[in-house]
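Here the structure comes first, spelled out in structure tokens, and everything after it is commentary.
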Amino acid sequence: MRKREILLLSAINSKFFFLKLLIFFHFLSSCAQAHIYRCENPETGEIFFSNQKLNVSYCQLYIKEKPKNLNFKSLGAKFPYSANYAKLPGEYESWFEKVAQAFSLDPALLKAIAKVESSFNPRAVSPKGAMGIMQLMPQTARLVGVEDPYHPLENLKGGAKYLRMLIDEFQDLSLALAAYNAGPEKVKIYRGIPPYPETQSYVKNVLYYYSIFKNKTLNN
């Protein structure tokens, strides 16, 4: 076989290889859904959440992607941040409204958490590695299906989804907020708000701003 023919066959095989590679990654992306499953261990009664259905018998679909009426393109993709602003720009009020509606939450509560967590800074990073406007830890971001934690709308949606899970698990707002800050396991261990000054202050601050944002909404 001549050299020119060998090069042509090599190019054709290379094209087919990249085509197969593209099909493979498209398949992976189509399967990577952020469904959340609520699982209850039949032996211990322990309740936990997973983004994979671990066992058909005791894991049930809890939150299904994607929530209705929540479209990134329709809500906008830009979120300019300045170190000078300490409150949410008015044009982004609809983000909190729509995300809160999707997860049956009060938008004033989401605003309070975002205020305390990052002061609405979508590029915020904590010393412990929490990221974005709702300060999601890497493992939490993975659990709720957030691919870009610095995209403020995606981060907000992930934080709302996680908060919804915690409220449903603990059936108490203060405990859910404590779990958001310190982790659900700590709340279970102490059977209440953990005795950490940071967590106790966090719960008080979120509830304080929650009342402010809620009263502001009622007065408008």
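The values are calculated or read from the model by the stated rules, or taken from the named source; none is laboratory data. These figures come from a predicted structure and were not determined experimentally. Here the Cβ is made from the backbone with ideal geometry for all residues, glycine too, and neighbour counts use every protein chain on show.
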*From the residues in the range 89-137 that are in contact with a Lys or Arg (Cβ under 8 Å, 6 or more places away or on another chain), of a type outside the set (D, E, K, R) and not in a helix (DSSP H, G or I), which one is modelled with the lowest pLDDT?*
F120
*All but one of (1) assigned to a helix (DSSP H, G or I); (2) over 20 Å from E93 (Cα atoms) hold for P194; which doesn't?*
(1)
*Just give me the residues in the range 166-184 being surrounded by 21 or more Cβ atoms within 10 Å (Cβ to Cβ) and either touching a strand residue (DSSP E or B) at 6+ places or on another chain (Cβ under 6 Å) or of a type in the set (S, T, Y) (or both), in sequence order.*
Y180
*Just one of (1) at pLDDT 95 or above; (2) closer than 26 Å to E93 by Cα; (3) buried (at least 22 other Cβ atoms within 10 Å of the Cβ) trips up V187, so point out which.*
(2)
_I need every pair where a residue in the range 124-140 that is within 15 Å of G158 (Cα to Cα) has its Cβ under 7 Å from the Cβ of a residue that is hydroxyl-bearing (S, T, Y) and surrounded by fewer than 19 Cβ atoms within 10 Å (Cβ to Cβ), sequence separation at least 6 or different chains._
M131/Y150; G132/Y150; Q135/S126
*Determine whether the range 206-218 contains at least one residue that is out of contact with any Leu (no Cβ under 9 Å at 6 or more places or on another chain) and more than 18 Å from L110 (Cα to Cα).*
no
